[in-house]
């Protein structure tokens, strides 16, 4: 389901005007009837942006009036409007039938622009129905029919082609068509349709897991000045999904609730099921089971009303997960089995491994270890297949970006070469002209003028030589930059590829090992001696430590390779998000976190700064004193050219001679038995701070606590 079901709204007023101007060419009609029809059409147009159902009712009433007087062309025009409102209310099959009936009628009347508009609508509908081949045919036919000046409509056609190729994982084609759409709409200066093109670009970046790029693109989309708020639903929904992926649940919820409010305000229900689903997921993670169950029921009801099978099973899985958390194992099994069968039939790996995981967990709760083991094995295999597929999509997306950047760099280089050639020709012509002038002066015997011209020639020739040297230098710099760009993109691609493959190849056997350790503990808990049970516990803990170490290494590699997105942010909000992420360990350790005065705004990367405070809070909790509740203070102040933050605790403290040592990779001053950790937290803090042109340092005393300071450039 897509936001772009609204793209034809702008054409409505043109259609209505054309229709009423031609009524006089038909049969004579009672003026009162015509006035009523016009009034109903106007009301429908006014209602379409905030209540599609009301708009559809007005156009239905107008159609009944037209049919009562047997006015064929009026019926035709009102049915065109009805098809649009059916499209807006997600009744795709009914809208498709009307449009397919209207296209031949418009073709007979040689109204080819209107045929092209209807072809665009038909392409949109077929995308919603998953008929990508038919959608492609209609979008291409629309492009053939539109004139070059129809930039907005050509841009819309390209948006649809971009969406089709994105859904079929043909990312290079998708990028090209979306870029063309953006160029068409920007040349037309229509912010509404620029928003559409940017939204589709953001969804493409989401699909290839370029979450930083997607976030920036969706922010651009919502910052455009547009009146139709229906176009803001998808950008807010996807911004919420991006924050959900990064674990920022409070911020995620605020974006998704904004999308929900826009849906309720405008009457656009296309993405309502998905909105309820993510609100339910967030409530579940916050252990608000009643609220989560309510959202799952709303999502299921909405998905059933639009007959979207996948959304129905996504809502069922959420219900199953809630039931499992509340120890309603049999209900969880019933819901999960339905989704598992649907996933197997449709080869849906994502739904398949999610359902298998819940089935394994529920059967384990019922002590049916045989079925629990079977479903756990299915979960592992299906999850691995899904991860491989996602990894392939990610690498394919990166390769597409790399190829496009390389092509763009080659085009720039080619243009620069053309400019150099043109300048060279100008220089040659200038020299030839000067030589001819000298010859002419010599023939006429004007010695004085000849001498002056020779001096001018020498001066200009020296300037040309200097210019040629500068051009050659620019050319060399261009070649060096192109080489650096190619090398940089190659290195970045290899690093991203290695990180994803390492994540999968290293963690997959550990996850499988952990599953079998759990079943071994369950099966043998009453049969083994305490010493043997301790051995199994040591193995399980080692497995968890290894997974934690791999996660930390991957997170550290992302910090080293990913670009930073700087913006004006609120430090208090950043600290509270870091505190929320650590909420479980804070509650477990009965810790107190106090936030002192902080600057109002800073210029930084908000995701990376959340990571800094998250790790510093964790560090204070890990290195706490025994039998003493942890007390953590956080503060900061602005200096002349920087902002300094500090995190103070009442923990064990360290000898200050080790202050540089602790910020290195895998550097720990105590054993893992004394305190958990992988030695990467403070190394990541140092990496982020340095990327902000700052520094990090420590003040500490044994048994008196520690203060860690860090600065970022203003």
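Checked against the criterion of being surrounded by fewer than 17 Cβ atoms within 10 Å (Cβ to Cβ) and either modelled with pLDDT of 85 or more or touching a strand residue (DSSP E or B) at 6+ places or on another chain (Cβ under 6 Å) (or both), region 194-208 contains not a single residue that satisfies it.
Please tell me if residue 127 is in contact with a helix residue (DSSP H, G or I) (Cβ under 7 Å, 6 or more places away or on another chain), buried (at least 22 other Cβ atoms within 10 Å of the Cβ) and assigned to a helix (DSSP H, G or I). Here the answer is yes, as residue 127 does meet what is asked.
When 224, 232, 239, 250 are screened for being more than 9 Å from the chain's Cα centre (by Cα), without any contact (Cβ under 8 Å) to a residue 40 or more places away in the chain and in a helix (DSSP H, G or I), only 232 passes. For region 577-597, enumerate the residues that are surrounded by 15 or more Cβ atoms within 10 Å (Cβ to Cβ) and more than 14 Å from residue 616 (Cβ to Cβ). Once the filter is applied, which keeps residues that are surrounded by 15 or more Cβ atoms within 10 Å (Cβ to Cβ) and more than 14 Å from residue 616 (Cβ to Cβ), region 577-597 yields 580, 589. The single condition among (1) in a loop (DSSP other than H, G, I, E, B); (2) without any contact (Cβ under 8 Å) to a residue 60 or more places away in the chain; (3) within 19 Å of the chain's Cα centre (by Cα) that residue 169 does not satisfy is (2). Here residue 157 fulfils each of the conditions (1) surrounded by fewer than 21 Cβ atoms within 10 Å (Cβ to Cβ); (2) in a helix (DSSP H, G or I) apart from (1).
Might you let me know whether region 581-599 holds any residue that is in a helix (DSSP H, G or I) and touching a helix residue (DSSP H, G or I) at 6+ places or on another chain (Cβ under 6 Å)? Within region 581-599 (the criterion being in a helix (DSSP H, G or I) and touching a helix residue (DSSP H, G or I) at 6+ places or on another chain (Cβ under 6 Å)), the answer is yes, since at least one residue qualifies. Is it the case that residue 143 is in contact with a helix residue (DSSP H, G or I) (Cβ under 6 Å, 6 or more places away or on another chain), assigned to a helix (DSSP H, G or I), closer than 20 Å to residue 271 by Cβ and modelled with pLDDT of 85 or more? Here the answer is no, as residue 143 does not meet what is asked. No other residue among 121, 152 is part of a helix (DSSP H, G or I), at pLDDT below 85 and either over 17 Å from the mean Cα position of the chain (by Cα) or surrounded by 24 or more Cβ atoms within 10 Å (Cβ to Cβ) (or both) apart from 152. Only one of the listed residues (56, 11, 87, 63) is within 25 Å of residue 306 (Cα to Cα), in contact with a helix residue (DSSP H, G or I) (Cβ under 6 Å, 6 or more places away or on another chain) and at pLDDT below 80. That residue is 87.
Determine, yes or no, whether residue 292 is surrounded by 18 or more Cβ atoms within 10 Å (Cβ to Cβ) and within 11 Å of the chain's Cα centre (by Cα). Answer is no for this residue.
The values are calculated or read from the model by the stated rules, or taken from the named source; none is laboratory data. Just so it is clear, the model here is predicted, and its values are computed rather than measured. Here the Cβ is made from the backbone with ideal geometry for all residues, glycine too, and neighbour counts use every protein chain on show.
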